[in-house]
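Below is one structure, written out as structure tokens, with a few remarks after it.
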Amino acid sequence: MLALGVAAVVAVMGAVWMWGQQPDYRVLFSNFSDRDGGAIVAELEKMGVPYKYAEGGGAVLVPADRVHDARLKLASQGLPKGGNVGFELIENQKLGSSQFIEQINFQRAMEGELARSIESVSAVQAARVHLALPKDSIFVSEQKQPTASVLLNLHPGRTLDPQQVSAIVHLVASSVPELSTKNVTVVDQNGNLLSETGKEPSINGMDPSQIKYVQELQQSVVKRIESIITPIVGPGNVRAEATADVDFSRSEQAVESYKPNQTPDAMVIRSQQTSESLNGTPNAAGVPGALTNQPPAPATAPINVPGQKAPAPAAAAEAPASTMRKDATVNYEVDKTIQYVQQSGGGLKRLSVGVVVNYKKTVGKDGKVAMKPLTEAEKTQITNLVKEAMGFNQARGDTVNVVNSPFAGVEQEAIPETPIWKQPGTLQVAKDTGKYVLMGVALLLLYLRVLKPLLKKIAEAPALPPPSHAPQLHHAAGDVMALPPGQRNYQDNLTRAQQLAKDDPRVVANIVKTWVGNNE
């Protein structure tokens, strides 16, 4: 019984020690699908890494000193996959699959790959992509454009700016053939429409990019003003605000102007045309009249009568006079100027700036700090600096207003210090310290109250006296006399042996048989 008690106490002390040496478990992965959870647990068992589940089974815990090692090893095997299947779905294609199944698997693979790419954005925790790919048709009138829908699950407290949303839209549109950016819709987990398609215009007709441009312009002006005034009045003693009136309208203008030529030498002949005409027939002869137009009569010999003179030929008619006409047309180039003016949007129409400067600090003769207003010269100097920093343009209608006024002191809220026993680090240290103290106290109590007394009893167990001791002495009346301590113990042992022989002779026979076999 003493031996069994010692063994039990040692076992309990070992259990307490092992409980004190139990490792601290940390989260390995959380919010994973059931398929990924089964694959992760199977790999952890292969690697021999102890694990346990958090409450509800939403996370897998491993020892703190093996978290990073396990993550890297699981990442090398592509775990967790996040529930999205990619083109690895094509690798498991079964023989004999129909064209419809192949098309569906290809669409699922495309959606999974796009979702993985979108999840690479820092603000996106998870993403789902739905593609609507119409069937190809040989008829132009029946052809339809593909569309896509993207559902984003953002990290808590994170948002996407319009540029990031536009990047996601263009990423999806560029990955699907014939998909336009207008047919891509992006929605977050709260049901807010993030893409530009379907957004209502703002009240003032400005889109978010224009509003952002105006805000950045105003902040840039304020930053320049404060950076140039702060070295003069000191940090925290100047405040500035700017209001910019920006014209986002676009205009195009074409001007065609004509100017007279200044000098005849500058005239350039464009075209020249000359024509000459002659009226009348030069050297005309013959008898005027109808006879001239008749064919000549047959030739006949003149009849000469003796004594008569031959008739004289008719005298030629006087030729009429001829006239000549000459016309010349000259066209000269006209001095012409054509000017095309295109004015892009975003021009600054007017800029208004307001600046407030605190009173300056002065130290009196008694050493006290007093606040005094700026002089007119100092205010003028600051006003001129503000105009230079903002790019003041009087023709544009810019205005500047510099005011010197004492600043109201900001009352700092007194934040009570967290007691040392409520600080997270202190609580963790106290928890670990209490754990080891409790383990030490438990081991010490088990040793002092249980194990040590048992070991003492085992060490104090008396040995049987040798059989050569004197026999028991009796009085005459038959009473047992007082014996020495050693003999008293011997007598008690003998009595117990006799009683054992009476109660269980088989045990005594076995003992004697053992003695005989050992030649004792």
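The values are calculated or read from the model by the stated rules, or taken from the named source; none is laboratory data. Predicted, not measured: the structure shown is a model, and the values here were computed from it. For neighbour counting, all protein chains shown are included, and Cβ atoms are generated from backbone atoms with ideal geometry for every residue, glycine included. For accessibility, only protein heavy atoms count, side chains too; no ligands or nucleic acids. Shrake-Rupley method; radii C 1.70, N 1.55, O 1.52, S 1.80 Å.
Observations, loosely collected:
Every residue, every condition in (1) modelled with pLDDT under 90; (2) part of a loop (DSSP other than H, G, I, E, B); (3) surrounded by 16 or more Cβ atoms within 10 Å (Cβ to Cβ), yes or no:
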residue	(1), (2), (3)
Thr197	yes, yes, no
Pro201	yes, yes, no
Met206	yes, yes, no
Lys212	yes, no, no
Glu216	no, no, no
Ser220	no, no, no
Arg224	no, no, yes
Ser227	no, no, no
Pro231	no, no, no
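- Filter result for Val60 (at pLDDT 75 or above and either in a helix (DSSP H, G or I) or open to solvent by 60 Å² or more (accessible area, probe 1.4 Å) (or both)): no
- Within region 321-348, tally of residues that are surrounded by 11 or more Cβ atoms within 10 Å (Cβ to Cβ) and under 30 Å from Ala389 (Cα atoms): 5
- Applying the condition of being at pLDDT 75 or above and among the small types (Gly, Ala, Ser) to region 78-115 and asking which residue is most open to solvent (accessible area, probe 1.4 Å) yields Ser98.
- Residue among Leu385, Leu351, Leu374 that alone is closer than 17 Å to Asp245 by Cβ and of a type in the set (A, V, I, L, M, F, W, C): Leu351
- Where Ala75 falls short, out of the listed (1) at pLDDT below 80; (2) surrounded by fewer than 13 Cβ atoms within 10 Å (Cβ to Cβ); (3) under 28 Å from Ser117 (Cβ atoms); (4) among the small types (Gly, Ala, Ser): (1)
- Any hit, region 137-147, residues being buried (at least 18 other Cβ atoms within 10 Å of the Cβ), at pLDDT 85 or above and closer than 28 Å to Asp207 by Cα: no
- Annotation: of all residues in region 40-57 being part of a helix (DSSP H, G or I) and at pLDDT below 85, the one that is surrounded by the most Cβ atoms within 10 Å (Cβ to Cβ) is Gly57.
- Near pairs, Cβ below 8 angstrom, 6+ apart or cross-chain, from region 152-171 (in a strand (DSSP E or B)) to any residue that is charged (D, E, K, R): Leu152/Asp188; Asn153/Asp188; Leu154/Asp188
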